[in-house]
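Visitor: If you scroll down you'll find the structure; I have some questions about it.
Each reported figure results from applying straightforward, stated rules to the coordinates on display, with no laboratory input. Only a predicted model underlies this, so the values are computations on that prediction, with no experimental measurement involved. Virtual Cβ from ideal backbone geometry, glycine too; neighbours counted across all protein chains shown.
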Ligand code: PAF
């Protein structure tokens, strides 16, 4: 059974419960309980990163922090989780960039389609001054952003038809993240973008209220989307970063040494996450074909046709984000 993204308790109740049971005052002597929210299953890229983060923090702090994971959207959608962090009812999370631009608008620049050439390009930008400056802006949103993780490049899955050209997505009811940059792109392509929180997606696909969705191979495999989707198009239309966040309430109660342990844990978690993504990028497609998905890959010419069709969306992006910044990102080696 697909365990990914299924909440067993109403999200608000689960959040309150997590806060009650797990948020505890921090002091050098006391054990501090960390409620850790993840959209993905324990055996996903998120799960692997969360385990590594925990392992490093536990080792560096002599076990003074204990972690309870809430995987598979056990605390609700990513927006609710981030709000939980702001309120102090959740202590830590790894989230996609889905709703991040609602908290720090500058984050949306990385959601621009066909911005990054490959994973190495994206990692260099995120680890460099541009990415680090954006992490620092989360302070004003009452959040502590420790590092950029990643999910990989997003691809389209659907139950209607194979996709080789923008015409093939005309009218396609495609679930997108609640992300204005992605929504603008699919509108420009003529699809019918349907923003939706992740915990609702599998049942919407099963019920046919949407035809498809888009996510990286890390999610498509670990969520077993092959059980509910027939076609996979390797479109690589946009890079999907992730972010490792902790609540400010927790952070401000920590000693500098413990903060350093969390930073170190986050850095190692990102390496583990990227290693997972590298692996799934090479082995994931075979796995999905074996599971019965009909897989096609856009050629360079076909991608160019999608990019051309996105012209009106790019105009909007240039109004929202500094063209100089976008050019700087593109020029990064
Ligand atoms: O599509 C999304 O909402 C995200 O990629 C997911 C699956 C929640 C992982 O962060």
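Visitor: Taking springs between alpha-carbon atoms closer than 10 angstrom, which of 198, 148, 251 fluctuates most in the Gaussian network model of the chain?
Guide: 251
Visitor: Sticking with this structure for a sec: What order do you get for 75-81, 309-315, 105-111 when each peptide is scored by the mean count of other beta carbon atoms within 10 Å, highest first?
Guide: Numbers: 75-81: 25.0, 309-315: 15.3, 105-111: 20.7.
Going by the mean number of other Cβ atoms within 10 Å, highest first, we get 75-81, 105-111, 309-315.
Visitor: Test of understanding: what is the full-extension gain from residue 209 to residue 328, defined as 0.36 nm times their sequence separation minus their Cα-Cα distance?
Guide: 38.8 nm is the gain from fully extending residue 209 to residue 328.
Visitor: Taking the inverse of the average 1/r across all pairs of different Cα atoms in the range 157-306, what Kirkwood radius in Å do you get?
Guide: It works out to 17.2 Å.
Visitor: Mean residue ellipticity at 222 nm from the helices of the chain, using -39,500 (n - 2.57) per DSSP H segment of n ≥ 4 over the full residue count, to the nearest 500 deg cm²/dmol?
Guide: Result for the chain: -13500 deg cm²/dmol, rounded to the nearest 500.
Visitor: Which residue fluctuates the most in the chain, going by a Gaussian network model with Cα springs under 10 Å, if the choices are 212, 171, 35?
Guide: Ranking 212, 171, 35 by mean-square fluctuation puts 171 first.
Visitor: Roughly speaking, what is the centre-to-centre gap between the range 314-328 and the range 196-249 when only Cα atoms are used, to the nearest Å?
Guide: 27 Å
Visitor: Looking at the range 111-227, what % of the alpha carbon pairs are farther apart than 22 Å?
Guide: Above the 22 Å cut-off, the range 111-227 has 43 percent of its Cα pairs.
Visitor: Let me ask another. Using 0.36 nm per residue, how much length does the chain from residue 311 to residue 200 gain when fully extended, once their Cα-Cα distance is taken away?
Guide: Values: separation 111, 0.36 × 111 = 39.96 nm, distance 3.09 nm.
So the extension gain works out to 36.9 nm.
Visitor: Turning to a different aspect of this structure: Given the chain, what percent of its DSSP beta bridges are antiparallel, to the nearest 5?
Guide: 55 percent
Visitor: Next question. Would you look at the GNM of the chain, springs on alpha carbons closer than 10 Å, and say which of 269, 50, 304 moves the most?
Guide: The residue with the greatest mean-square fluctuation here is 304.
Visitor: I would also like to ask the following. Along Cα→Cβ, 7 Å out, is where each label goes; now give me the distance between the ones at residue 304 and residue 252 in nm to one decimal.
Guide: 5.4 nm
Visitor: Still on this structure: How much of the calculated P(r) for the range 188-256 lies past 16 Å, in percent of all Cα pairs?
Guide: 62 percent
Visitor: Still on this structure, please answer the following. Based on the inverse mean of 1/r over its pairs of different Cα atoms, what is the Kirkwood hydrodynamic radius of the chain, in Å?
Guide: Result for the chain stands at 20.1 Å.
Visitor: Go through 172-181, 202-211, 241-250 and give me the packing order, highest mean Cβ count within 10 Å leading.
Guide: 241-250, 172-181, 202-211
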